[in-house]
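Visitor: One structure, as structure tokens, below. Some questions next.
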Amino acid sequence: MSATGDFRISGLQFPDGFTFGAASAAYQIEGAATEDGRGASIWDTFSHTPGKVANGDTGDVAVEFYHRVDEDLDLIKSLHLSAYRFSIAWPRIIPAGTGEVNEAGLAFYERVVDGLIARGIDPVVTLYHWDLPQPLEDRGGWTNRETSYAFARYARVVGERLGDRVAVWTTLNEPWCSAYLGYASGEHAPGHRSELEALQAVHHLNLAHGLALIELREVVTRPDAKFSVTNCLATAYAADPANPEDVDAKRQIEALQNRAFTDPQLRGFYPPDLLEDTKHITDWSFVRDGDVQLINQPIDILGINYYCTGTARRGPEHSTEGTPYPGATRVEAVEQPGPYTDMGWNIAPHGLYDLLVATHEAYPEFDIMIMENGAAYRDQVVEHNGVKRVHDPERVDFLLRHFAAAHRAIKAGVPLTGYFVWSLMDNFEWAFGYAKRFGIVHVDYETQERTKKDSALWYANLAETGVIPEQLAGGILSSPGRN
Ligand code: GCO
């Protein structure tokens, strides 16, 4: 197979120096939840609250990365990846959120960073991937401005210790999820359902990003270190692009999900249309004079996470209480055409292309990295002559098509410099617990045995050669026809 739609897939070559990486997050992989002085985070509390996470799963053990660092870093190396994105658990570094610093936490991440560097892999650090120290949540969490300052101090502490070695810093991962899933729909920790709280959280997360960058820039000494933030930007379409009401529905989703973050972070203002759309919820007086200037710090790389698309149309007036879209009272989501992954998310590589092009058009001065992209499937280990394998042709196909879309965006002039597959290993998928497998490496949760899936072998080939492989060893690519 060599063609689908209007572009060739296999044989496409990525630019020299392109970063091929994989990503993970602390609470999803580390386990060791109470070891070496780690404090509790909102995800410990949430996952231990009955009914919040599928099957009552928690991150207590996860995939034991905390105890398997060397083995797992060897695994990354064996996949020829040039970078590994992982997050630092704030409650390991400053267990109560404020106050005492835990040396054992710093030492752990120093081991990870040094282990990566020793293997020739660039460490890419996320400072906040959702594990807010519980004592801060007890004082209001992201609805409390003090949390932004506590985050800035934490960023400084980490920067002082690792700032001579970390290649790329990303302050926040998907503040959209932290704010709206955490405080409006309650699907994520801390599980609140308040539209006002969610908008306060939006602002305090943005403020945390800016304040942390100020601190980091003061203490980071690696000369070529890069600074970034990672947003999950909606790739939204209007159901009928010729219908102004549908176009307006799309605008509203983009204001809430994208520009609520990118405009203050990258441009130094909150979108006037967002303030207007949400004025029945709040007058945004929690944004103080000077805040947007603090938020708007220079960055080098704009990180985006992409999974699927959304289509909006004008619908009947309804309450948005309990949804992740505060104030979008006349917006209706249109079901996306399949095929779908095991998350029920639609597979749409063209959405990645559209998002990259649109993001570059809106914010042309930044390099872009895809900090996450990947898919969950129901993978199974099979054994051939005593050798364990996991055949995941759907995931290979998914990655192939999304890498091809990324390549097409590069050809169209998007300064895309890296791509991190979500995720290195199967792990704790938040509210879905261990029921959803995103890894390119399979984990047997009983034995913690790691088995490379076919997608890992396929990706290793891409990472080693920089060229999208025609085929994976012994595998079959699924039917052409969709892009
Ligand atoms: C996110 C997070 C990851 C998820 C992944 C799959 O995007 O939600 O960054 O931690 O596991 O996206 O849902």
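The values are calculated or read from the model by the stated rules, or taken from the named source; none is laboratory data. In this text the structure is predicted, and so the values were computed from the model without any measurement. Cβ coordinates were reconstructed from backbone atoms using ideal geometry, including for glycine residues, and neighbour counts include every protein chain displayed.
Visitor: Please indicate, with yes or no, whether at least one residue in region 116-138 is among the hydroxyl-bearing types (Ser, Thr, Tyr), farther than 19 Å from residue 31 by Cβ and surrounded by fewer than 24 Cβ atoms within 10 Å (Cβ to Cβ).
Guide: Step one: list which residues in region 116-138 are among the hydroxyl-bearing types (Ser, Thr, Tyr), which gives 126, 128.
Filter again for farther than 19 Å from residue 31 by Cβ, leaving 128.
Remaining after also requiring surrounded by fewer than 24 Cβ atoms within 10 Å (Cβ to Cβ): none.
For region 116-138, residues among the hydroxyl-bearing types (Ser, Thr, Tyr), farther than 19 Å from residue 31 by Cβ and surrounded by fewer than 24 Cβ atoms within 10 Å (Cβ to Cβ): absent.
Visitor: Okay, moving on. Go over the candidates 146, 174, 160 one by one and state the one that is free of Cβ contacts under 8 Å to residues at least 60 places away in the same chain and under 29 Å from residue 322 (Cα atoms).
Guide: One residue alone meets the criteria, 146.
Visitor: Which ones in region 234-262 are assigned to a helix (DSSP H, G or I), without any contact (Cβ under 8 Å) to a residue 24 or more places away in the chain and in contact with a helix residue (DSSP H, G or I) (Cβ under 8 Å, 6 or more places away or on another chain)?
Guide: If the condition is that a residue be assigned to a helix (DSSP H, G or I), without any contact (Cβ under 8 Å) to a residue 24 or more places away in the chain and in contact with a helix residue (DSSP H, G or I) (Cβ under 8 Å, 6 or more places away or on another chain), then 251, 255, 259 are the ones that fit.
Visitor: Ok, one more. What are the residue pairs meeting all of these: first residue in region 428-442, first residue touching a residue at least 40 places away in the same chain (Cβ under 8 Å), second residue more than 10 Å from the ligand (Cβ to nearest atom) and assigned to a helix (DSSP H, G or I), Cβ atoms under 6 Å, and 6 or more apart or on different chains?
Guide: So the pair list comes out as 432/54; 433/54; 433/55; 435/54; 440/455; 440/456; 440/459; 441/456.
Visitor: Follow-up. Output the qualifying pairs, or none if there are none: Cβ atoms under 6 angstrom, residues six or more apart or on different chains, first residue in region 78-102 and more than 13 Å from residue 128 (Cα to Cα), second residue of a type in the set (S, T, N, Q).
Guide: 82/19; 83/19; 95/102
Visitor: Turning to a different aspect of this structure: So which of 339, 324 ends up being touching a residue at least 12 places away in the same chain (Cβ under 8 Å) and either within 16 Å of the ligand (Cβ to nearest atom) or within 19 Å of residue 463 (Cβ to Cβ) (or both)?
Guide: 324
Visitor: Which of the residues belonging to region 104-118 are out of contact with any strand residue (DSSP E or B) (no Cβ under 6 Å at 6 or more places or on another chain) and either more than 23 Å from residue 37 (Cα to Cα) or touching a residue at least 12 places away in the same chain (Cβ under 8 Å) (or both)? Outline the logic, then answer.
Guide: Going residue by residue through region 104-118, those that are out of contact with any strand residue (DSSP E or B) (no Cβ under 6 Å at 6 or more places or on another chain) are 104-112, 114-115, 117-118.
104, 105, 106, 108, 109, 110, 111, 112, 114, 115, 117, 118 - these are the residues of region 104-118 that are out of contact with any strand residue (DSSP E or B) (no Cβ under 6 Å at 6 or more places or on another chain) and either more than 23 Å from residue 37 (Cα to Cα) or touching a residue at least 12 places away in the same chain (Cβ under 8 Å) (or both).
Visitor: So residue 124 passes all but one of these: (1) within 16 Å of the ligand (Cβ to nearest atom); (2) part of a helix (DSSP H, G or I). Which condition number does it fail?
Guide: (2)
Visitor: Give the residue that is nearest to the ligand (Cβ to nearest atom), with candidates limited to residues of region 1-53 that are charged (D, E, K, R) and at pLDDT 95 or above.
Guide: The residue in question is 30.
Visitor: Name the residue, out of 245, 187, that is surrounded by fewer than 20 Cβ atoms within 10 Å (Cβ to Cβ) and within 16 Å of the ligand (Cβ to nearest atom). Let's see the steps before the verdict.
Guide: Numbers: 245 fails: within 16 Å of the ligand (Cβ to nearest atom).
187 is the lone residue from the list that is surrounded by fewer than 20 Cβ atoms within 10 Å (Cβ to Cβ) and within 16 Å of the ligand (Cβ to nearest atom).
Visitor: Can you spot a residue in region 135-155 that is within 16 Å of the ligand (Cβ to nearest atom), modelled with pLDDT of 95 or more, of a type outside the set (Gly, Ala, Ser) and within 23 Å of residue 303 (Cβ to Cβ)?
Guide: Scanning region 135-155 turns up no residue that is within 16 Å of the ligand (Cβ to nearest atom), modelled with pLDDT of 95 or more, of a type outside the set (Gly, Ala, Ser) and within 23 Å of residue 303 (Cβ to Cβ).
Visitor: Name every residue in region 59-74 that is over 21 Å from residue 106 (Cβ atoms) and surrounded by 21 or more Cβ atoms within 10 Å (Cβ to Cβ), in order of residue number.
Guide: 63
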